[in-house]
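The values are calculated or read from the model by the stated rules, or taken from the named source; none is laboratory data. Here the structure is a predicted model, which means the values were calculated and not measured. Cβ atoms come from the backbone with ideal geometry, glycine included; neighbour counts cover every protein chain shown.
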Number of protein chains: 6
Amino acid sequence: MNWQRPDGRQPYQLRPVSFEQNFTRYAAGSVLAKCGDTHVLCTVSVSQGVPRFLEGSGKGWLTAEYRMLPSATQQRHDRELIKLSGRTQEIQRLIGRSLRAAIDFDILGERTLTVDADVLQADAGTRTTAITGGFVALANAISKLIQQGTLERSPLTGQIAAISVGLLSGEPFLDLDYVEDVAATVDFNVVMNQHLGIIEVQGTAESGSFTRQQLNQLMDFSEKGIQQLLIAQRQAISDWDKLQM
Amino acid sequence: MNWQRPDGRQPYQLRPVSFEQNFTRYAAGSVLAKCGDTHVLCTVSVSQGVPRFLEGSGKGWLTAEYRMLPSATQQRHDRELIKLSGRTQEIQRLIGRSLRAAIDFDILGERTLTVDADVLQADAGTRTTAITGGFVALANAISKLIQQGTLERSPLTGQIAAISVGLLSGEPFLDLDYVEDVAATVDFNVVMNQHLGIIEVQGTAESGSFTRQQLNQLMDFSEKGIQQLLIAQRQAISDWDKLQM
Amino acid sequence: MNWQRPDGRQPYQLRPVSFEQNFTRYAAGSVLAKCGDTHVLCTVSVSQGVPRFLEGSGKGWLTAEYRMLPSATQQRHDRELIKLSGRTQEIQRLIGRSLRAAIDFDILGERTLTVDADVLQADAGTRTTAITGGFVALANAISKLIQQGTLERSPLTGQIAAISVGLLSGEPFLDLDYVEDVAATVDFNVVMNQHLGIIEVQGTAESGSFTRQQLNQLMDFSEKGIQQLLIAQRQAISDWDKLQM
Amino acid sequence: MNWQRPDGRQPYQLRPVSFEQNFTRYAAGSVLAKCGDTHVLCTVSVSQGVPRFLEGSGKGWLTAEYRMLPSATQQRHDRELIKLSGRTQEIQRLIGRSLRAAIDFDILGERTLTVDADVLQADAGTRTTAITGGFVALANAISKLIQQGTLERSPLTGQIAAISVGLLSGEPFLDLDYVEDVAATVDFNVVMNQHLGIIEVQGTAESGSFTRQQLNQLMDFSEKGIQQLLIAQRQAISDWDKLQM
Amino acid sequence: MNWQRPDGRQPYQLRPVSFEQNFTRYAAGSVLAKCGDTHVLCTVSVSQGVPRFLEGSGKGWLTAEYRMLPSATQQRHDRELIKLSGRTQEIQRLIGRSLRAAIDFDILGERTLTVDADVLQADAGTRTTAITGGFVALANAISKLIQQGTLERSPLTGQIAAISVGLLSGEPFLDLDYVEDVAATVDFNVVMNQHLGIIEVQGTAESGSFTRQQLNQLMDFSEKGIQQLLIAQRQAISDWDKLQM
Amino acid sequence: MNWQRPDGRQPYQLRPVSFEQNFTRYAAGSVLAKCGDTHVLCTVSVSQGVPRFLEGSGKGWLTAEYRMLPSATQQRHDRELIKLSGRTQEIQRLIGRSLRAAIDFDILGERTLTVDADVLQADAGTRTTAITGGFVALANAISKLIQQGTLERSPLTGQIAAISVGLLSGEPFLDLDYVEDVAATVDFNVVMNQHLGIIEVQGTAESGSFTRQQLNQLMDFSEKGIQQLLIAQRQAISDWDKLQM
């Protein structure tokens, strides 16, 4: 029997995507990214200096932090106070790694970009929404740094987007919502650049295992989803042509 | 010489106030409260059970948590991870104390209301905005509990609002923004109920001291500000008449 | 019905106050301050250097720490180990703020004064006893620094004392003990200088609310109490005339 | 130019693999697993009871902890004391997830298996060695539980092994050592079962990106490596035929 | 050359010892114990219940906590907040172990005695003063429990005292002060009961080593010191005859 | 009635002792030390620099860390994560103190030696095995530093070994195993150098007390045990003659 999507979407169809830019005013970039009912506030802040291991190298750095507000989920969850959960740490490491793939750090110089991804509302796919929305905030921040004369030229070397895909009843479905995420037997997250070059792939069988053929189907769906996200990002970023290297 | 307000307001004039209700969808109450450029997401979540010291008493409880997103301020600040700062703890204790003054906990029964005040953008007055907006979210949550049949009648015994006021060049000014907050010699926060009964008053001389006469002026201004906030809250809460005891 | 004070005091009467100076021998100032059965060991230590934000400014700093010994209360309470409670942090911030109001930090120079207030026995009013006794220890420490030739002249710009006052059965009472503190509907703490200029006022309605008129009564009582404390401090500090600026 | 392996291995060749069973005597299973110079002590302990979310379900649980001894690496590294690093948490979550895929928890009953993977010596591939060696320790522990009569039949539903593979100079190489791991542009870890069904795949481009074709090559190499590891495991586990469901 | 004691004492002479009982009023036992300039506030609190490992055994427990106030030492030292130092933990474990040797826990019943040793002023020998003074507080607390009718008879099975002794210039000296403690090459702490039975002996060569003959001399001195302390304790405890089993 | 040793040893007989050198390859010294079923991996790592209090002194330092693997004991125990237990801290402080007694830190120069003692399997006597085995690892590390030319001559000033001894049924027994350790009424640990000079002695009466005569017997047994360990160490260290000062 086939999986019927709760919102009637086609298997390869994304949820509605939007990027509300300048959502807050003090960070260099600030985007409220929405993929369906998943809403992530992505901001990019700029500071002088770099972590110790890069001091004197002339290179910059990008780091990411990820959190969910306690009321973002259907049941309120506690804030992580004394220590971060393994899940949170995995996600913020993934966001940082993914967005660093878009930057030439020699051009950025000894500055640190901090991406804060704060999930205001969670309906699955928060990490991929954080990456995709985080890239838009990153482009906005770079744009502002150039306008201010802080940077002479853009350090952006590529465009980065991410999507989730899963197996339900053995078939692939793109951009799972919470109900689907719980039901899926395989959970997959893929990060790609503007040429559909793979930056990161993470796939887990929640029950059973999956085949090489299914891996290929999941990658095919991911490519379809990411192509649409790349277009949506470029539409949102008004000065994209100038920022691209 | 007199203080000229950066935005040209009269000394007794509030910044524009608004309450965007149902800003997120999973919490029982969710309000994006804005006082000028200070934006606080106030949510109210409901859970069964109460803290240990109330178990078996038949009474409910209300607790509050307060945080600023790292990008809320002009310079990004670090998240509080291992321990909360004294400032954060003071503020969340104040929010909890203030909103508990609006509830009859016998009527609420053994449930806990958790108010989360997450500052998305900070231009001073975040604690008072959290209280004033938190009350609107609280009313929304109570309303939903009654509609769901969880509660038979409203446990709201009063209306709560809060405002800041300060002395600049020896004169009182209402609802300080960040520039004013830094310049003020006396910093005052007042919480009142619908009868202008005082729930909490906290005043600190940042330099020098202040007189009994100035204390009276600060209280006069506070009353003016809170009267306006009480009206704005009632306008925002559509079913206010039914919720009020 | 009127409140009968457990120890038969008049409403405006303080508990017996004493300052045992040089209670320990290594700190620059060391005072065992007693307000009735509340006993607080207040010490002032001096160290070279200042916190980072003041380095190179030529200005000094004063910071305070507050703790209760576990056996100070009627039921033993646990030590705060991993993190300080909100209450403890609020109190030590208040002590620091209050005593900083007595110092000219340009005259002190780049030194840090650390006030440790350790409650040996607690019968309410520990924070105000810590401030009032802490001022005596501060004066002793300044005196020693001048005698040692470390300071040429006194950086003391004022005298600081603090008192609690509360509403019981709607009437004001000065300097509550533990039984009264629990019964009070409004809890008030006031810090003033030698001119009865207000340094800090904090008032909380534990139940219900209070009026502007009651606020005035509470302030009247506070003034009466602080006047007596100022006299007691000056009697205790033998070289007060030389220390005062 | 092609990559020359430091130890002269063929691209698809594993390092020498061995499993020293009963390395310590108190844990139910204890294996010193070696892949070349990477040595991981894998133990499996059994305790009554399960985490809260499984209580009363009749189902068991398996959890994993991973640490490196401070002297395991070429430069001594500090122990993780206050909190675990993101890397450590990611790895121990991966080990747990992977080995849970081999167990029927209804047959295990309400018991918890704890896999401890302590790296005594690290030359890359510690997480995959922990999984592959952890499976052998798991089989030993199950065997002992059956011999003791604690379990009537084996809850093992499959065999699990893991391998690393990477791209160097654009070509795939199996089972990287430390020098290779540092030089690789793509780092891949794959977990499979006895049918080469995929349990987990994690691939990261350390610089640039990789293509769908390269993904396929990496998966081909992984299959080759895992087939050899599956054989080595079965040779080590003397009573494998009885344990397999 | 021989060591000249700073205060002119004979090698086998103790510093003046005193026990100020009922120093604070809420704990069951409260003693300000002084050995020269070392002042330790020792309190004993009683609570119902025992640690988990004793629940249902009918036996009681005694535990100890030890801290120095920050201003107790010649240079102010920081409070131990996130974690206790090894030194603090060693000392509080020693105090607990030593005083448990004086109690029959079957007679105490399922109660916990908590000994808090807070050093107000430190001139070496704080741990031995805490044990010797802690025993007096313990006797006071037992006495009060019997008077209250909580206990029918005394669970005290013995008397416990402790002393430090050290080698300076190769010769033994009793009850070192701070200057001597720093200069000593061997540092020894001994805990004994009323029959001079050894409860604990801890000796460390701070430089070089010491001989069996010196060990004997150190033990001889310890016996002399403890005999005097046992007398002083008995003189302080007015109802000692009734408490002794 | 006399105690019968579980393994039939004579009262003064050690368990079999062995030192497997170069057990791991990256630390300067690495020894798997075994005393019967107690197995401790002792490694010594060398780093430039010293703790703050020694900077610029020209002197080096030695520090020790001690842990048990969770599966080392008969029942798995949890790892110490947020804070170390008092027992762990006591032991690692003892190991450090003991091995520092073997080093001339002026000859070592401003380097830090870190001794890691990780217990792989625990059958009592882990701290003494860590010291005795740690000394062998230390000698190996010094030897390597001389061969590398880092050190011109050996900073080893002595040889250090440690043993446990206990009272069972009132009689002394050497080198207790776990069953004996639990049954012993007095638990004793002694550290000595090559001349049987005492470095540290720690004795605790677990129940009752012990006499001066028993103390002497325990010391006699300790000397016997340590003489054997000193011989075993010298046999294991092939270049001992060159390392000894």
**Complete:** Among helices (runs of 4 or more DSSP H) entirely within segment B:85-161, at least 1 residues that are closer than 18 Å to B:SER45 by Cα and free of Cβ contacts under 8 Å to residues at least 40 places away in the same chain occur in B:86-100, B:126-147
**Message:** Against the conditions (1) crowded, with 24+ Cβ neighbours inside 10 Å; (2) modelled with pLDDT under 95, where does E:GLY158 fall short? Just the number, please.
**Reply:** (1)
**Request:** Please tell me if A:VAL190 is of a type in the set (A, V, I, L, M) and either under 22 Å from D:SER222 (Cα atoms) or outside any helix (DSSP H, G or I) (or both).
**Result:** yes
**Request:** Among what's in segment A:1-52 and is charged (D, E, K, R), assigned to a loop (DSSP other than H, G, I, E, B) and within 14 Å of chain B (Cβ to nearest Cβ), pick the residue that is farthest from the chain's Cα centre (by Cα).
**Result:** A:ARG25
**Message:** Any residue that is surrounded by fewer than 17 Cβ atoms within 10 Å (Cβ to Cβ), in contact with a helix residue (DSSP H, G or I) (Cβ under 8 Å, 6 or more places away or on another chain) and not hydrophobic (A, V, I, L, M, F, W, C) - is there at least one of those in segment B:132-149?
**Reply:** no
**Request:** Have a look at B:LEU81, B:LEU94, B:LEU108 and point out the one that is touching a strand residue (DSSP E or B) at 6+ places or on another chain (Cβ under 9 Å) and more than 21 Å from B:ALA184 (Cβ to Cβ).
**Result:** B:LEU108
**Request:** Test A:ASN193 against the stated conditions and say whether it is polar (S, T, N, Q) and in contact (Cβ under 8 Å) with a residue 60 or more places away in the chain.
**Result:** yes
**Asked** Looking at segment F:198-234, which of the residues that are facing chain E (nearest Cβ under 7 Å) and part of a helix (DSSP H, G or I) is farthest from F:ALA139 (Cα to Cα)?
**Response** F:ARG212
**Asked** For segment D:173-192, does any single residue satisfy the condition of being hydroxyl-bearing (Ser, Thr, Tyr) and more than 21 Å from A:ALA101 (Cα to Cα)?
**Response** yes
**Item:** Pick from segment B:78-109, criterion away from chain C (no Cβ under 13 Å) and modelled with pLDDT under 95, ranking: surrounded by the most Cβ atoms within 10 Å (Cβ to Cβ)
**Value:** B:ARG79
**Residue in segment B:44-59 that is farther than 27 Å from B:PRO155 by Cα, touching a residue at least 12 places away in the same chain (Cβ under 8 Å) and of a type outside the set (Ser, Thr, Tyr) present** = no
**Asked** Hey, does segment A:134-144 have a residue that's under 19 Å from A:ILE198 (Cβ atoms) and modelled with pLDDT of 95 or more?
**Response** yes
**Prompt:** Can you spot a residue in segment D:177-192 that is at the interface with chain A (Cβ under 8 Å from one of its Cβ atoms) and modelled with pLDDT of 95 or more?
**Reply:** yes
**Message:** Could you check segment A:201-214 and list, in sequence order, the residues that are hydrophobic (A, V, I, L, M, F, W, C) and surrounded by fewer than 21 Cβ atoms within 10 Å (Cβ to Cβ)?
**Reply:** none
**Item:** Some residue of segment C:59-70 being of a type in the set (Val, Ile, Thr), in contact with a Leu (Cβ under 9 Å, 6 or more places away or on another chain) and more than 10 Å from every other protein chain (Cβ to nearest Cβ)
**Value:** yes
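Let's see how each residue does on (1) of a type outside the set (Asp, Glu); (2) closer than 23 Å to A:GLN75 by Cα; (3) surrounded by fewer than 17 Cβ atoms within 10 Å (Cβ to Cβ):
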| site | (1), (2), (3) |
| --- | --- |
| B:GLN13 | yes, no, yes |
| B:SER18 | yes, no, yes |
| B:GLY29 | yes, yes, no |
| B:SER45 | yes, yes, no |
| B:PRO51 | yes, yes, yes |
| B:GLU55 | no, yes, yes |
| B:MET68 | yes, yes, no |
| B:ARG76 | yes, no, no |
**Request:** Inspect segment D:169-176 for any residue being within 14 Å of chain A (Cβ to nearest Cβ), touching a strand residue (DSSP E or B) at 6+ places or on another chain (Cβ under 8 Å) and modelled with pLDDT under 95 and give the result as yes or no.
**Result:** no
**Prompt:** With B:ILE237, B:ILE198, B:ILE226 as the choices, which residue is over 30 Å from B:GLU152 (Cβ atoms), crowded, with 19+ Cβ neighbours inside 10 Å, among the aliphatic types (A, V, I, L, M) and in contact (Cβ under 8 Å) with a residue 24 or more places away in the chain?
**Reply:** B:ILE226
